[in-house]
Amino acid sequence: MRILEFKNIDQKRLILKELSPARINHAEDLIFWEGSAGAMRAVQQLEQLAKGTKSLTIKWDGSPAIIFGRNPNGEFIFTDKHGFMAKSYDGRATSPDDLEGAIMQRAKDKSKAKTYRQYASKMKSVFELFQNAVPNNFQGYFVGDMLYFNTPKKVGNSYVFQPNVVNYQVPAETDLGKRMGSSRAGVVVHYIMSEKGRTMPVKDLNMIQGTDVLAIPPTTVNKSQTVDVSAVNQLKGMIQQSSSGIDKLLDRNALAGMKLADFPNLLYTYLNSKVDSGMKGLGSDFVKWLQSSAVTEVKKTRIMNYIKANTQSFMALWKIVNGIMVAKDSIIRQLDKSKGAVNATVNGKPGGEGYVLKSPKGNIKLVRRSGFTKANRAINR
């Protein structure tokens, strides 16, 4: 068995970074990383949706994350994210049997052996389909998420499939539906990655040849949405009024000097924890959450003193975060109810994972934390 070795630690770090799923920020999270300018960017981008846009696409809820392509020797590789980065075994499978064996290497807990066998069987079943879909002269790897391992079942006039939390329905008479009906596996491709970990966009999905594997193209949402102008203007005013205080609160150099460089990350982690407990009272129970966290006691004291010294700006930040979420969720609900080329539900209710809004300064994801995110976190994987 070949054991994967990285040429240097920098290459490993780069590949780990590029394979990280958290590559697109929630609209309301931009304030943590970009300060008041990020909050204003989020609000302005939401405002643009009232005019209609071709820069809004569906965010597919695929699973598992897969990597497939050809190494520098021309060998075809098909695996999942864990296999691609494995160190204790060779997870970059070059045959169906290798892939099955690599996945079963992870079945250390015998009680989960059946689950791993089922997963290995599914992955093995599509190996040759993907191998035939990648041209022999291609070098590099496609990185994406599986949408289905078999031709989706036709229910009524739509093809229906559920790769993870979201149940998708694609009308059979649409162009996408027709292509789906003649395919045997489906994948949404995010980007191409080189052997060294450098990434590039997929300019032409037709490079994935044949019809057995359907590489889903970006699905654009063109319909304009109703945006509460008064609420947006109120948010803008709030951001402008609090900008200096918020930017001081999140100043990287100042935080580093106080040994609180990860303060924005803690705010982000806290917000994610509220998905489970409810979004009410954002910020008011941060200290309570902090007390139960794994942060050291010395650091907890520094953080609490810092918040006490900047209480007004701290609470203004959370008021803005909540305002952006309310505006965003209103738009998402409208989008979810609109019938289109792809319809989606979560636990029987209209809505998918969300949408991706293209922006010159970095794409933004529009996802309802209290909807998809909560349902996704509830899954026992």
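Taking 0.36 nm per residue of sequence separation and subtracting the Cα-Cα distance, how much length would be gained by fully extending the chain between Gln48 and Ser230, in nm to one decimal?
Gain in length upon complete extension: 64.1 nm.
Spin-label point model (7 Å from Cα, Cβ direction): what's the Ser88 to Tyr191 distance in nm?
Going from the Ser88 label point to the Tyr191 one covers 3.0 nm.
Going toward the positive end of the dipole of the chain, with +1 on Lys and Arg Cβ and -1 on Asp and Glu Cβ, which of Val134, Gly69, Gly278 do you reach last?
Ranked along the dipole, the leading option is Gly278.
With +1 on each Lys and Arg Cβ and -1 on each Asp and Glu Cβ, how big is the dipole of the chain about its Cα centre, in debye rounded to the nearest 20? Working shown, then result.
Details: 56 positive and 32 negative charges, 131 e Å.
Roughly 620 debye for the chain.
Which of Ser194, Ser230, Ser359 ends up with the largest GNM mean-square fluctuation for the chain, with Cα atoms connected below 10 Å?
The residue that fluctuates most here is Ser230.
Applying the Karplus parametrisation 6.51 cos²θ - 1.76 cosθ + 1.60 with θ = phi - 60° to the phi angles of segment 144-159, what ³J(HN,Hα) value in whole Hz is obtained for each residue in order, glycine and proline being reported as x?
Ordered by residue, 3J(HN,Hα) equals x, 10, 5, 10, 7, 9, 9, 3, x, 6, 9, 10, x, 9, 10, 7 Hz.
Would you mind getting me the FRET efficiency between Ala65 and Ser292? Use the beta-carbon distance for r and R0 = 25 Å, nearest 0.05.
Working: r = 31 Å, r/R0 = 1.24.
Between Ala65 and Ser292 the formula returns 0.20.
Taking amide H positions as placed in the peptide plane 1.01 Å from N, state which residues far from Asn25 in sequence (5 or more) or on other chains have amide H under 5 Å from it.
Those qualifying (amide H under 5 Å, at least 5 residues apart or on another chain) are Lys365.
Segment 47-110: D in µm²/s via Stokes-Einstein (Kirkwood Rh, Cα pairs, 4 °C, 1.567 mPa s)? Don't skip to the end; give the middle numbers.
Working: Rh = 14.4 Å.
Rounded to a whole number, D works out at 90 µm²/s.
From Cα coordinates alone, what are the radius of gyration and Dmax values for the chain in angstrom?
For the chain, the Cα-based Rg and Dmax read 22.7, 64 Å.
Angle, helix 9-18 long axis vs. longest principal axis of the chain, Cα atoms, 0 to 90°, nearest 10?
On a 0 to 90 degree scale, this one is about 80.
What is the angle, in °, between the Cα long axis of helix 297-309 and the longest principal axis of the Cα atoms in the chain? Nearest 10 is fine, range 0 to 90.
50
How long are the semi-axes of the ellipsoid equivalent to segment 77-231, from square roots of 5 times the Cα gyration tensor eigenvalues, in whole Å, largest first?
Details: eigenvalues 178, 80, 68 Å².
Values for segment 77-231, descending: 30, 20, 18 Å.
Helix 311-337: angle to the longest alpha-carbon principal axis of the chain, degrees 0 to 90, nearest 10?
40
Largest first and to the nearest Å, give the Cα extent of segment 243-381 along each principal axis.
52, 36, 24
For segment 51-155, compute Rh as the Kirkwood radius over C-alpha pairs and then the Stokes-Einstein diffusion coefficient at 37 °C and 0.692 mPa s; write the answer in µm²/s, rounded to an integer.
Values: Rh = 15.1 Å.
Value of D from the Cα-based Kirkwood radius: 217 µm²/s.
Using a Förster distance of 41 Å, how high is the FRET efficiency between Lys248 and Met207, based on the Cβ-Cβ distance and rounded to 0.05?
Using R0 = 41 Å, I get an efficiency of 0.25.
Starting at the first residue of segment 98-112, write each ³J(HN,Hα) from the Karplus equation 6.51 cos²θ - 1.76 cosθ + 1.60 with θ = phi - 60°, in whole Hz, x for Gly and Pro.
Working through the residues one at a time gives 4, 5, 4, x, 5, 5, 5, 4, 8, 7, 6, 8, 4, 5, 9 Hz.
Report, largest value first, the span of the C-alpha coordinates of segment 151-307 along each principal axis, in whole Å.
Largest first, segment 151-307 extends 62, 47, 30 Å along its Cα principal axes.
Viscosity 0.890 mPa s, temperature 25 °C: what is the translational diffusion coefficient of segment 284-337 from Stokes-Einstein with a Kirkwood Rh over Cα pairs, rounded to a whole number of µm²/s?
Details: Rh = 13.2 Å.
So the translational diffusion coefficient is about 186 µm²/s.
Sorted by mean Cβ packing within 10 Å, highest first, what order do the peptides 43-49, 107-113 take?
Highest-to-lowest ranking by the protection proxy: 43-49, 107-113.
Among 206-213, 347-354, how do they line up from the highest to the lowest mean number of other beta-carbon atoms within 10 Å? Working shown, then result.
Details: 206-213: 14.4, 347-354: 17.1.
Listed from highest to lowest mean packing, they are 347-354, 206-213.
Return the whole-Å distance between the Cα centroid of segment 94-148 and the Cα centroid of segment 229-280.
About 41 Å separates the Cα centre of segment 94-148 from the one of segment 229-280.
Each reported figure results from applying straightforward, stated rules to the coordinates on display, with no laboratory input. Please read these numbers as outputs of a predicted model, since none were measured by experiment. Heads up, the Cβs are rebuilt from the backbone with ideal geometry, glycines too, and the neighbour counts pull from every protein chain shown.
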